[in-house]
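These notes are about the structure you will find just below.
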Amino acid sequence: MMGKIFCFLFVAALLFGGLGGRMGEVAAALPQGAGSAVQLVLSIAGTICVWSGVMEVMDQSGLTKKISRALSPVIKALFGRQGQDPEARDALSQNMAANLLGLGSAATPAGLRAAARLAQTGGRPDCDGVLRLIVLNSASLQLIPANVAAVRAAAGSAHPFAILPAVWMASAASVCAALLAAALLARVWRP
């Protein structure tokens, strides 16, 4: 789908550039835009690598287990008996920690492990725990939006973390709304 959108935008730029008599500017913008895109991707990739490394160090040092114990009451409250499974709880805590740091890409492997384990321990075909995990990942409570700050820094922002209060309020509101909607819909659509 993204390829089709890109092709549409590319053809539209060429068409309007040609119709407007600005084909030279369109041609000059292509390499400049491509260079800017590569620069942005490299700066974001560096940030993701650093924080993914931090997550791996946390896992290897045993800090993930400590975070898992600290988040245990929250995980048990959100996932019930499914959250009591040690493997699921460890994967859920690692996923939540990555999301709190604003690292959606680093949260994905732990989220996949957690979803697989929740599906095994769920005992129901529709697996409420997996759906709740998906809702939490979509809403994503963030304390440190590392990826967004990296994009802002790469775009030349003097204060890339100036958005913290807005991110905290918006992500807390989205998580609360998502969990409430999931709870209400789970009651309505019970098999």
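From the list Gln60, Gln94, Gln120, which residue is within 27 Å of Ala149 (Cα to Cα), modelled with pLDDT of 80 or more and open to solvent by 30 Å² or more (accessible area, probe 1.4 Å)? Steps first, please.
Details: Gln94 fails: open to solvent by 30 Å² or more (accessible area, probe 1.4 Å); Gln120 fails: within 27 Å of Ala149 (Cα to Cα).
Only one candidate qualifies: Gln60.
Would you pick out the residues in region 63-77 that are touching a helix residue (DSSP H, G or I) at 6+ places or on another chain (Cβ under 6 Å) and within 18 Å of Ala172 (Cα to Cα)? Steps first, answer last, please.
We begin by selecting, within region 63-77, every residue touching a helix residue (DSSP H, G or I) at 6+ places or on another chain (Cβ under 6 Å); these are 64, 67-68, 71, 75-76.
Leu71, Ile75 - these are the residues of region 63-77 that are touching a helix residue (DSSP H, G or I) at 6+ places or on another chain (Cβ under 6 Å) and within 18 Å of Ala172 (Cα to Cα).
Is it true that some residue in region 66-81 is surrounded by 23 or more Cβ atoms within 10 Å (Cβ to Cβ), touching a residue at least 24 places away in the same chain (Cβ under 8 Å) and part of a helix (DSSP H, G or I)?
yes
Is at least one residue of region 179-191 β-branched (Val, Ile, Thr), at negative phi and part of a helix (DSSP H, G or I)? Steps first, please.
Within region 179-191, the subset β-branched (Val, Ile, Thr) is 188.
Then drop every residue that is not at negative phi, which leaves 188.
Imposing the further condition that a residue be part of a helix (DSSP H, G or I) reduces the set to 188.
Yes - at least one qualifying residue is present in region 179-191.
I'm checking my understanding of the structure. Among residues of region 38-53 that are open to solvent by 60 Å² or more (accessible area, probe 1.4 Å) and without any contact (Cβ under 8 Å) to a residue 12 or more places away in the chain, which one is farthest from the chain's Cα centre (by Cα)? Please lay out each step first, then the result.
Step one: of region 38-53, the residues open to solvent by 60 Å² or more (accessible area, probe 1.4 Å) are 38-42, 49-51.
Adding the requirement that they be without any contact (Cβ under 8 Å) to a residue 12 or more places away in the chain leaves 38, 41-42, 49-50.
Numbers: Val38: 21, Val41: 16, Leu42: 18, Cys49: 15, Val50: 16 Å.
Filtering first and then ranking leaves Val38.
Which members of region 21-35 meet the condition of being in contact with a helix residue (DSSP H, G or I) (Cβ under 9 Å, 6 or more places away or on another chain) and surrounded by 10 or more Cβ atoms within 10 Å (Cβ to Cβ)? Break it down stepwise before answering.
Start the filter on region 21-35 by keeping residues that are in contact with a helix residue (DSSP H, G or I) (Cβ under 9 Å, 6 or more places away or on another chain), which leaves 22-27, 29-30.
Arg22, Met23, Glu25, Val26, Ala27, Ala29, Leu30 - these are the residues of region 21-35 that are in contact with a helix residue (DSSP H, G or I) (Cβ under 9 Å, 6 or more places away or on another chain) and surrounded by 10 or more Cβ atoms within 10 Å (Cβ to Cβ).
Only residues that are open to solvent by 30 Å² or more (accessible area, probe 1.4 Å), free of Cβ contacts under 8 Å to residues at least 24 places away in the same chain and more than 17 Å from Asn99 (Cβ to Cβ): list them for region 126-154, please.
Arg152
The values are calculated or read from the model by the stated rules, or taken from the named source; none is laboratory data. Model, not experiment: these values are computed from the prediction. A quick note on method: Cβ atoms are made from the backbone with ideal geometry, for glycine too, and the neighbour counts reach across all protein chains shown. Surface accessibility is based on the protein's heavy atoms, side chains included, excluding ligands, DNA and RNA. Shrake-Rupley method; radii C 1.70, N 1.55, O 1.52, S 1.80 Å.
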